[in-house]
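Report on the structure given below.
The values are calculated or read from the model by the stated rules, or taken from the named source; none is laboratory data. Every value quoted in this text rests on a predicted model; they were computed, and no experiment measured them. Cβ atoms come from the backbone with ideal geometry, glycine included; neighbour counts cover every protein chain shown. What goes into the accessible areas is simple: the full protein's heavy atoms, side chains included, and nothing from ligands, DNA or RNA. Shrake-Rupley method; radii C 1.70, N 1.55, O 1.52, S 1.80 Å.
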Amino acid sequence: MSLLSRRDFLKTSACAAAAVGTTGMLANRVDAADLWPIPEVDVKITRAMKIEVEYDRPRIVAGNSQYRLAGGVRREPILVVFGDNGKIGVGACNWGAGQGDVEYAIGKTVTQLLQDHGAVNGKICTSSFWDLAGKTLDQPVYQLLGGKENPDGVPVYDGSIYHEELLPRDRGTAYRNAGASYADRASWQDAIKEAIDHTLWLGHTFAKVKIGRGALHLSRLAGNYQDVAVLELIRQHAGADFGIGVDANNGYRMEDVFWLLREHGDLNLAFIEEMIPDNVDNYRQIQQVIREQKLKTLVADGEGWRNSYDPLAAEIIESGTVDILQGDMRAFHLEGIRRESNMALEAGHAARIAPHNWGNEFGFLMQIHVACAIPNFYRAEQDPGTLRGELLVRKSAYDIAGGRCHNYSAPGLGMELNAKQLDSAKVIHEARV
């Protein structure tokens, strides 16, 4: 399948963005089919449900530069679709999907839904349809996408290292992991060590660490120094080979970015993410400092882009000023990530793809499958958590070891609905024939 030309891409981007912004209409089927091969699955949807599930985080997670507390529980919307062949598809959904979006799927075939929603990323997300297609054809989703299993596994990282040491300690042991090695100690260093120890226990060799304490929690100077103190501690505790990326959630200023790169390049940061709001000229200055300091640090951004048709995404990808493109997995969906990958390849700047994924188990599974189907994938982001209740049962292990995800070749996305527990599910919207 040939890539869109740059001229065609920009023309299509403008048209699609205008359509989304004014009428909410989806792109036509030809456009969707051009972006990904659509499997022939003549299975009709007889019932669809938007359900909310909850996950327990491994600990109460602190805040970042924009808010003070992420909490110990995360909520995730999923879409469950029932095919007239008796198969059930389970995948991600978006919080904004309404009753009409769920009703839209009823009576349509899997192929129709993938064609209709593939290009501009409908709110209900296509992952449940891909899952149903895979279960119907007895293939993992990555094979349907034209990909192959990576025998070495897909590289991953833990994205849950927040401002752990700034959690209030006067609220009791609920803010500590009672079973952790350092739980009986009060120092901020031990709070960080606890978080990193759990990351290592999960099988990760790479973590994204939140910085930007000077934007909300501390004074600017104290926050910057504390950011570096935390990074130095992690480097010491986890070792020289442990991968560290940082994410400021736009909580840094340009002078803060320059200071971090010039004064603390010995931290060997793999990437710096969302240091400042998207701006091509500022990114060029940051890249210049990286070159001057002879660092291998990559610039990452893009989680705030609306979808793969966002004009800002086109501008930045064309500029080549961002090395790691982070379109949100749930907002872009599988199709949008493929399109982002194509855009990067067409631009010719060697940018890689690492979808943003926070608070979403299915987003992690989607990343693993899309990683096998594009040539410029970087790493998948995991937000660790344990599903509450017995609504879903894993059929494929998705083991993480040595910083890579293995065992993800079950049919579909590798997750199966426990239909016996369906009556106890928190249903937000439902439609059926």
Tail beyond 42 Å, pair distance distribution of the chain (Cα, percent): 13
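Among the chymotrypsin sites (Phe, Trp or Tyr not before Pro) within the stretch 68-131, which fall in a DSSP loop and have no more than 15 other Cβ atoms within 10 Å of their own Cβ? Walk me through the numbers before you get to the answer.
Values: sites: 82, 95, 104, 129, 130; in loops: 95.
Loop-located and lightly packed - 95.
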Cα-based Rg and Dmax for the stretch 230-374, where Dmax is the largest Cα-Cα distance (Å): 15.3, 42
Accessible heavy-atom area order of 404, 379, 75, highest first, probe of 1.4 Å: 75, 404, 379
Highest-first arrangement of 39-52, 419-432, 143-156, where packing means the average Cβ count within 10 Å: 39-52, 143-156, 419-432
Cα-projected label distance for residue 420 with residue 266, points at 7 Å along beta-carbon direction, nm: 5.9
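Please give the calculated 222 nm ellipticity per residue for the chain, where each DSSP H segment of at least 4 residues contributes -39500 (n - 2.57) and the sum is spread over every residue; nearest 500 deg cm²/dmol? Before the final figure, lay out the partial values.
Details: 13 runs with 148 residues, N = 433.
Value at 222 nm, helices only, nearest 500: -10500 deg cm²/dmol.
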Separation of the residue 292 and residue 219 label points, Cα + 7 Å toward Cβ, nm: 2.7
Within the stretch 296-321: backbone nitrogen closer than 20 Å to the residue 350 label point (7 Å, Cα to C-beta): 296-301, 316-321
Angle between the chain longest axis and helix 329-347 axis [Cα atoms, degrees, rounded to 10]: 80
Computed P(r) (all Cα pairs; the stretch 65-132; 5 Å bins; percent): 3, 15, 26, 22, 11, 8, 6, 5, 2, 1
Between helix 280-292 and the chain: long-axis angle, C-alpha atoms, 0 to 90°, nearest 10: 50
When each of 123/294; 135/426; 44/426 is checked by Cα-Cα distance, pairs over 32 Å: 123/294
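Please give the length that would be gained between residue 187 and residue 240 if that part of the chain were fully extended, namely 0.36 nm times their separation in residues minus their C-alpha to C-alpha distance (nm, one decimal). Can you show the working numbers first?
Numbers: separation 53, 0.36 × 53 = 19.08 nm, distance 2.31 nm.
Fully extending the segment from residue 187 to residue 240 adds 16.8 nm.
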Relative contact order of the stretch 180-270, defined on C-alpha pairs under 8 angstrom at six or more residues apart (%): 30
Gaussian network model of the chain, Cα within-10 Å springs - most flexible of 288, 112, 66: 288
DSSP bridge pairs, the chain: antiparallel proportion in percent, nearest 5: 60
Whether the stretch 352-427 is rounded, prolate or oblate, judged on the alpha carbon gyration tensor where a/c under 1.5 counts as rounded: prolate
Accessible surface of the chain [probe 1.4 Å, protein heavy atoms]: carbon and sulfur percent: 48
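How big is the equivalent ellipsoid of the stretch 302-377 along its three axes, where each semi-axis is √(5λ) from the Cα gyration tensor, reported in whole Å from largest to smallest?
Values: eigenvalues 71, 35, 18 Å².
Taking √(5λ) for each Cα gyration eigenvalue gives 19, 13, 9 Å.
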Heavy-atom accessible area order for 294, 193, largest first, 1.4 Å probe: 294, 193
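Please work out how much length the chain gains when fully extended from residue 430 to residue 54, using 0.36 nm per residue of separation minus the C-alpha to C-alpha distance, in nm with one decimal. Can you show the working numbers first?
Working: separation 376, 0.36 × 376 = 135.36 nm, distance 1.86 nm.
Net length gain for the segment: 133.5 nm.
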Label-point gap, in nm, between residue 312 and residue 202 - each point 7 angstrom along Cα→Cβ: 2.7
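What shape does the stretch 46-99 have by the C-alpha gyration tensor, where a ≥ b ≥ c are the square roots of the eigenvalues, rounded means a/c under 1.5, and otherwise prolate means a/b greater than b/c and oblate the rest? Please list the in-between numbers first.
On the way: a/c = 4.69, a/b = 2.52, b/c = 1.86.
Prolate, since a/c reaches 1.5 and a/b exceeds b/c.
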Distance-filtered residues of the stretch 327-353 - backbone nitrogen under 16 Å, label point 7 angstrom along residue 66 Cα→Cβ: 327-332
The stretch 227-296 - accessible surface per residue (Å², probe 1.4 Å): 45
Choice from 245, 359, 348 showing the highest fluctuation, given a GNM over the chain with Cα pairs closer than 10 Å: 348
